[in-house]
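Report on the structure given below.
The values are calculated or read from the model by the stated rules, or taken from the named source; none is laboratory data. Please read all numbers here as calculations on a predicted model, not as lab measurements. Quick reminder, even Gly has a Cβ in these numbers, built from the backbone with ideal geometry, and neighbours come from all protein chains shown. Surface areas here come from the heavy atoms of the whole protein model, side chains and all, with no ligands, DNA or RNA. Shrake-Rupley method; radii C 1.70, N 1.55, O 1.52, S 1.80 Å.
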Amino acid sequence: MIYRTGVALALLLTAHVGLAQSLPAEQLSTELLPIKSSPSHLLSELAVRATLKRASVPACPKENARELSLSLIEGQVQGRLRELSLDLTCSHSRLNNEAEPANNDALSLLLTLPAIDFKIDNLTLQLAEGRVSGPAELHHQQQQLSVIWQTEAGSVQLNITPDRQGWRWQGQLPGHLLTPNLRQPVRLSGGWQPEQPLTVKVAGALPTPLSGNWQLALAAKQAANGWQLQPNSQLSIPRLTWKELTLNQITVTPQGELALDKPWQARVNWQQGNWKKGRLPAASLQLQGDSLTHLQGKVRADLSHDLQLTGSWRYDQGLALTVPRQSVSAASTWAWLNDWLLLPVGLSTEAGQLRVSLSAANLLNTKVPILMNAELNQGQLKYRDMLAEELAAKVKLSWRSPQGLRSHGPQAVSAARLNVGVPITDIHGALRWQADGLWLSGLTAQVFDGHIALSPMALNAKPSGEAHFSDIALEKLLSYANVDGLTGSGSLKGRLPFVYDQGLSVKNGRAESQDGWISYQAGEQLAATGKANISLGLTLGLLSDLRYDKLSADISMARTGEAVINSHLQGRAPVKGKLHPVNFNYHHQENLLQLLASLRFAQDLTERLPASLQGESE
């Protein structure tokens, strides 16, 4: 008993003297408390208390200890601190051209405390921005120091172990200590060795509304102007999910060394992902910031090798992003969208400039809308060898949860002409983005001196709808029918239900006309055959001047282009100088896509041939 008490007393006095020698101290005292029991209980009730009013680290003014007391009560040494303040932003470890200082590092107070358990009424951690404080306990177990700290953000548990000439640590802390958006605890580990970078690894769950796990690996070196983050530091997220967006293998790495109060650059990469049912291609972001303490700066998105967008960002009670209006290639944008959206197969944008902008007040709050604007001028939209020219469009969209992507106001789209083999001009329509995707509505155009209008349809991988036509000039239509000797006049109207699924098909199409005229003048060979065939000759005679009261046709076309047209005409035709009633049925089958292709080829040849001949003459 005497031995144990003597050892405890020696430990207390040694710790007391060691602390006084290692740190500047004020009002250091040792007190032998009066014995309130009989001499027979001297050893068991011996009580000694040593106190230290204040201790500080001159190199770190914010780092100090107040009202430290060491007590020997019943053979047990106990420690208590009224206040301990540690400054992680202050460190004066030995630089290349400096001598080894004594106890001038941040955490020097913590490491200089004697190896006994302490209760701390208020432990304050000084950070670059603000501070965190709360009651704590320090426990020594062999060579390991454990810190249990109750902060405003939650409980911190940290184990510090000497390691060669430095130390290593691991533990758990509330995510709120890093950022208010982290609601879950995070795991912490790291280490430090003289002349080596300080390493810290932090891992946890992503903040809502995101889902996934993240890991931050930091390496920092001490320089004359403070700590600098090394290029091998990295934030990695194996898989990030947000609503219908998934990104894989996200990494954030600094570009060069980063100082706390200096401008910095970093690069964000991801390896593919998914948006709804489409595949999202790999891309990267180049971030620039004013400093690590003022989170704002510039951003550049490298969406593909020839498609980039630039903007600015700011983190303050949320993540704000602004992409000012800028011009990008419409062809490059379409190619990028085609990599991950279910765009119609075979469509492509050949030319034009797209002006885009984006504004988001807080990307982390899904109830705050993201506003997007796009405007296309002088565009060209191509499907195989069919070309829409002078294409223009204006789109204004917003996204928020749970509504999703929505359009705002008129979303006009127009084209001067569409070359499909027949002239389609003055095309005008409107786009609408709603819950189930992009829709085209109110599309009208002029063809054969008449009008054509499309019913509203979704612009997805298999668009379908109905084309209504009216006032179509029969004379101009027959001029493209590629039938020699066939002419006529009249006005057609009708509808063509269509589906685009690896090709355009028409089913249950209908055309009608009233009070018109058709004439078919047979060629010499067919006319000669008609003279020998009474039935054929009569038919050719009736068709030479058929004045119909009603014309109707049923139209269908397979996606291969093979079309079937069954026509029925009711009218009158002159026979031997008198008009006689006529009911005429006609079945026609032809590949319309090939016909249109031949017409386009003929038009293209007509345009190219004079220029070619002119070049030869020169």
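Here are some notes:
- Largest accessible area first, the residues THR124, THR208 order themselves as THR208, THR124 under a 1.4 Å probe with ligands, DNA and RNA left out.
- Pairs of Cα atoms farther than 14 Å apart, the range 214-292, %: 65 percent
- Extent along principal axes [Cα atoms of the range 106-256; Å; largest to smallest]: 55, 34, 29
- Carbon plus sulfur fraction of accessible area for the range 523-580, probe 1.4 Å, in percent: 56 percent
- Simple rule: put +1 on each Lys or Arg Cβ and -1 on each Asp or Glu Cβ in the range 212-326, find the dipole, and look at GLY297, GLY273, ASN225; the Cα lying farthest toward the positive end is GLY273.
- Surface composition of the range 295-431: carbon and sulfur atoms hold 57% of the protein heavy-atom accessible area at a 1.4 Å probe.
- Coarse-grained scattering of the range 461-610 at q = 0.19, 0.20 Å⁻¹, given as base-10 log I(q)/I(0) from a Debye sum over alpha-carbon atoms: -1.25, -1.32
- A probe of 1.4 angstrom, applied to the heavy atoms of all protein chains, finds HIS140 with accessible area near 60 square angstrom.
- Per residue accessible area of the range 257-364, 1.4 Å probe, in Å²: 53 Å²
- The range 295-431: relative contact order as a whole-number percent, Cα under 8 Å and 6+ apart: 16 percent
- Loop-resident GluC sites (Glu not before Pro) (DSSP state other than H, G, I, E or B) in the range 129-230 with no more than 11 further Cβ atoms inside 10 Å of their Cβ: GLU129, GLU152.
- In this structure the range 461-610 gives 61 Å² per residue of accessible area when probed at 1.4 Å with all protein chains present.
- Annotation: extensible slack from LEU405 through ALA532 equals 38.7 nm (criterion: 0.36 nm per residue apart, minus Cα-Cα distance).
- In whole percents, the pair-distance distribution calculated for the range 186-334 from its alpha-carbon pairs, binned every 5 Å from zero, is 2, 8, 14, 18, 22, 16, 10, 6, 3, 1, 0, 0.
- Cβ-based charge dipole, the range 461-610, positive-most Cα from GLY516, LEU478, LEU592: GLY516
- Legend: calculated FRET efficiency, ASN213 to LYS367, from the Cβ-Cβ distance at R0 = 25 Å, rounded to 0.05, equals 0.50.
- Förster radius 25 Å - calculated FRET efficiency between GLN525 and VAL575 (Cβ-Cβ, nearest 0.05): 0.60
- Mean projected area (nm²) of the alpha-carbon convex hull when the range 261-419 is viewed from all directions: 10.4 nm²
- Here the range 423-542 is treated as a Stokes sphere of Kirkwood radius computed over C-alpha pairs; at 25 °C and 0.890 mPa s its diffusion coefficient rounds to 144 µm²/s.
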